[in-house]
Amino acid sequence: MNAPAGLDLAFIPERIQSEVQRAIQRSIKGVEYFSTSGPSLGSTPKDVLHSRGTMNLYHYRPMSDEIYRVPVLIVMATTNRGYILDLVPGQSFIEFLLRRGYDVYMLDWTAPRPEEKNLRMEDYVLDFIPDCIRRVQADSGEQDVSVVGYCFGGVLSLLYGSIHRDGPMKNLICFTTPIDFRGMKLFSNFSDRRYFDVDHLVDSVGNVPPEMILSSFEMLRPASRTASQIQLWENIWNDEFVKSYRMFDRWATDTLPLAGEYFRAITKDLMWDNKLFNDTMSVGGRPAKLEDITVPILHAVAEHDHIVPYEAAKHLIAKVGSADKEEVILKGGHVSLVAGANAVKRLWPKLDSWLGKRST
């Protein structure tokens, strides 16, 4: 019998042997995967400058002999832990900044305790962030501070900057930060006031459970977890792939609960009434209008962000009152924009170029 056209029978044994060896490797690596822990994350040397309730302020130890005058405070999103920006050596945004000569601080969060269910938006914007700014000033000896806000950390930074328009924030950088919450389509549907009784939820359970937050993220791409697990199995023989998978999967599922009153304010003021976009937002009775932000601002958005779509983020630069302002749209998603190989090549050099000129 003749072989089908284009099929070289001489290579069949070699192909079979290759597939058998790969299957063996999958089995061995599969056992290793479940019997070992993932890589250690967030290991760049740092000191806890201050800790209070759900708030932690870190100061990372310098890695450069020459340091820019203006320190950098990173404000993390309140749903996620900060180690996404400090994965492992060579893939750490924090390490990159330190080696480029920046003095780096981070405002990171832990899970609010049950008795902290009454934390409000004003506690974050008018207490936690100003407290950290003051401590960065005292520790660094500088009055000016550049602020970098990731996702909802960017929203909190915008609210802080619009209220404290006279400083001490010198520069503001936002990563994937929503301001028009109509663009958050699934979240808008999920929290539709006709069906979502946020008062009953908060009054009943207090802090919003992380499972509810994680489920809302996963609903954005319902099949993504199954698809990623299939991809993991197909590549489990590849150590680098498995290492990357474990890092990002651990962070993606390490979701924090949200303080009840804070979540109530997010739902009513931002999701329902879109006050930040409509210029009607106030925090603790103080107006928070984006047009009052006049410091240099850079907004980096991801081309394929399924969590904060461009429709939700695109109006920021137009609405701030800054003369020195720039939006940059980069390939990637909500996480790959800031962490991983994509970020190393695209976002990090851009940020360094922009911030370096404004940090002296």
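The values are calculated or read from the model by the stated rules, or taken from the named source; none is laboratory data. Computed from a prediction, not measured in an experiment: that's the story for all the values here. Neighbour counts run over all protein chains shown; Cβ positions are idealised from the backbone, glycine included. Keep in mind that these areas ignore ligands, DNA and RNA; they rest on the heavy atoms of the full protein, side chains included. Shrake-Rupley method; radii C 1.70, N 1.55, O 1.52, S 1.80 Å.
Key figures
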| item | result |
| --- | --- |
| DSSP bridge orientation in region 272-360 - percent antiparallel, rounded to nearest 5 | 25 |
| Translational diffusion coefficient (Stokes-Einstein; Kirkwood radius from C-alpha pairs) of region 41-188 at 4 °C, 1.567 mPa s, in µm²/s | 82 |
| Cα gyration tensor shape for region 263-342, rounded if a/c is under 1.5, else prolate or oblate | oblate |
| Distance cut-off 14 Å, percentage of C-alpha pairs in region 130-173 lying past it | 44 |
| Solvent-accessible heavy-atom area per residue, rounded to whole Å², over region 280-360 at 1.4 Å | 41 |
| Simple Cβ-charge dipole of region 78-134, Lys/Arg +1 and Asp/Glu -1, about Cα centre, in debye nearest 20 | 180 |
| Region 77-140 - Debye-derived log10 I(q)/I(0), Cα point model, q = 0.14, 0.15, 0.22, 0.25 Å⁻¹ | -0.56, -0.63, -1.04, -1.14 |
| Check: region 313-360 dipole with +1 on Lys, Arg Cβ and -1 on Asp, Glu Cβ, in debye | 80 |
| Separation in nanometres of the label points that stand 7 Å from Cα toward Cβ, at TRP348 and ASP203 | 5.0 |
